[in-house]
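What follows draws every value from the coordinates through simple rules; no lab data is involved. Just so it is clear, the model here is predicted, and its values are computed rather than measured. Positions of Cβ are backbone-derived with ideal geometry, glycine not excepted, and every protein chain shown enters the neighbour counts.
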Amino acid sequence: MDIETLDALSLRPGEIKENVVTRGLDVRGLRAGMRLRIGGALLEVTVPCHPCMRMETVRAGLKNELRGRRGMLCRVVESGLLHVGDTIALLEYERVGV
């Protein structure tokens, strides 16, 4: 999830249970298969994260406000420590099956 979207929706980091908050990264431009190096961890983008009904417990109507803006889900390729302020490196990737 990106801080720019959180700010636009008046949400605090962690309020909607996101694990990583980015700044200046076009999260909506990420595609399945892309890899991100954050601190000591390597993540692979899998699918968009769709807002669920739990968002309504944060604020009525938030599920709809987050539609198409919720961020991306990733799988851990290599585990490692992440720290606040770590650089996020977008790594080259090969498109498979295209």
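Applying the set (1) out of contact with any Cys (no Cβ under 7 Å at 6 or more places or on another chain); (2) surrounded by 15 or more Cβ atoms within 10 Å (Cβ to Cβ); (3) in contact (Cβ under 8 Å) with a residue 40 or more places away in the chain; (4) not hydroxyl-bearing (Ser, Thr, Tyr) to Ala89 leaves exactly one unmet item: (2).
Is one or more of the residues making up segment 77-97 in contact with an Asp or Glu (Cβ under 9 Å, 6 or more places away or on another chain), part of a loop (DSSP other than H, G, I, E, B) and closer than 16 Å to Ile3 by Cβ? No, the conditions are met nowhere in segment 77-97.
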